[in-house]
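The values are calculated or read from the model by the stated rules, or taken from the named source; none is laboratory data. Small disclaimer: the values here were computed from a predicted structure and weren't measured. Ideal geometry is used to build each Cβ from the backbone, glycine not excepted, and the neighbour counts take in all protein chains shown.
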Amino acid sequence: MTPMLLIGIVLVSAFLLQGLLGFFQIRSFSQHFRQMRRQGKVLIGKNPRKIQSGSLMLMAIDTDGNIKAAQLLQGVTVFAHFKPVKQLVGQNIAVLGADYDQLRHFNRLTRQCILNAYQNFINYRTGHLSAEAFDTKVNVLALPLVDQIKHQSGRLLGTLKQHFARG
């Protein structure tokens, strides 16, 4: 077995493993979302990043915007897990989103998630949500992980073609 073929097998295996772990992360998100949904409407605040640490927050709220539960997913890898954010429970999202003194107690990524959730709450209340906000379908092929796998596998195939073309 040539070294290039071995490297190719290792890379393909790593991408398949990453895809499998990504699937488990999506399944975890679905489970947490369903749990939060049992408590009321769920606000989602996001701060997606491609290379740096990104974050995603789920907040169960009542009809007045009071936060009943909050969970935060923050990290770079598929090994990131949702963690409860107990400091938000009992607060009102409208008051929290407008009060910098309260927001400054959170790190930048969490603050951006809270502000994104606040914007989603305002859009919901004013009827300015886009059609995409109501779309509950998940197109797995549109996820950044799949784009990355496509890109990396294309590069890998190109390298393998060059290797075998040289003989």
Residues that are at pLDDT below 90, at least 2 per element: which strands (runs of 3 or more DSSP E) completely within the stretch 9-108 meet that? 41-47, 54-61, 67-75
Quick one: would you say K161 is surrounded by fewer than 17 Cβ atoms within 10 Å (Cβ to Cβ), more than 23 Å from the chain's Cα centre (by Cα), in a helix (DSSP H, G or I) and at pLDDT below 85? yes
Filter the stretch 1-37 for residues that are out of contact with any strand residue (DSSP E or B) (no Cβ under 8 Å at 6 or more places or on another chain) and of a type in the set (D, E, K, R) and give the result. R27, R34
It is to be established whether one or more residues within the stretch 120-130 are without any contact (Cβ under 8 Å) to a residue 60 or more places away in the chain and within 25 Å of S53 (Cα to Cα). no
Within the stretch 92-102, how many residues turn out to be in contact with a helix residue (DSSP H, G or I) (Cβ under 6 Å, 6 or more places away or on another chain) and either β-branched (V, I, T) or more than 14 Å from M59 (Cβ to Cβ) (or both)? 2
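Could you tell me whether any residue of the stretch 143-150 is within 30 Å of L20 (Cβ to Cβ), at pLDDT below 75 and part of a loop (DSSP other than H, G, I, E, B)?
The first filter runs over the stretch 143-150 and keeps only residues within 30 Å of L20 (Cβ to Cβ), leaving 143-150.
Of the ones still in play, those that are also at pLDDT below 75 are 143-150.
Imposing the further condition that a residue be part of a loop (DSSP other than H, G, I, E, B) reduces the set to 143.
Taking every residue of the stretch 143-150 in turn, at least one turns out to be within 30 Å of L20 (Cβ to Cβ), at pLDDT below 75 and part of a loop (DSSP other than H, G, I, E, B).
Yes or no, residue by residue, for (1) surrounded by fewer than 16 Cβ atoms within 10 Å (Cβ to Cβ); (2) more than 30 Å from F164 (Cβ to Cβ); (3) over 12 Å from the mean Cα position of the chain (by Cα):
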{"position": "L6", "(1), (2), (3)": "yes, no, yes"}
{"position": "I9", "(1), (2), (3)": "yes, no, yes"}
{"position": "F15", "(1), (2), (3)": "no, no, yes"}
{"position": "T63", "(1), (2), (3)": "yes, yes, yes"}
{"position": "Q74", "(1), (2), (3)": "no, yes, no"}
{"position": "K86", "(1), (2), (3)": "yes, yes, yes"}
{"position": "T110", "(1), (2), (3)": "no, yes, yes"}
Just one listed residue, out of K46, K68, is at negative phi, among the charged types (D, E, K, R), in contact with a strand residue (DSSP E or B) (Cβ under 9 Å, 6 or more places away or on another chain) and touching a residue at least 60 places away in the same chain (Cβ under 8 Å), and it is K46
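Which of the residues that make up the stretch 116-142 are in a loop (DSSP other than H, G, I, E, B) and either under 17 Å from G8 (Cβ atoms) or at pLDDT below 70 (or both)?
Start the filter on the stretch 116-142 by keeping residues that are in a loop (DSSP other than H, G, I, E, B), which leaves 127-130, 135-139.
Those that are in a loop (DSSP other than H, G, I, E, B) and either under 17 Å from G8 (Cβ atoms) or at pLDDT below 70 (or both): L129, S130, D135, T136, K137, V138, N139.
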Let me spell it out: the conditions are (1) at pLDDT below 85; (2) assigned to a helix (DSSP H, G or I), and M1 meets all of them except one. Which number is the exception? (2)
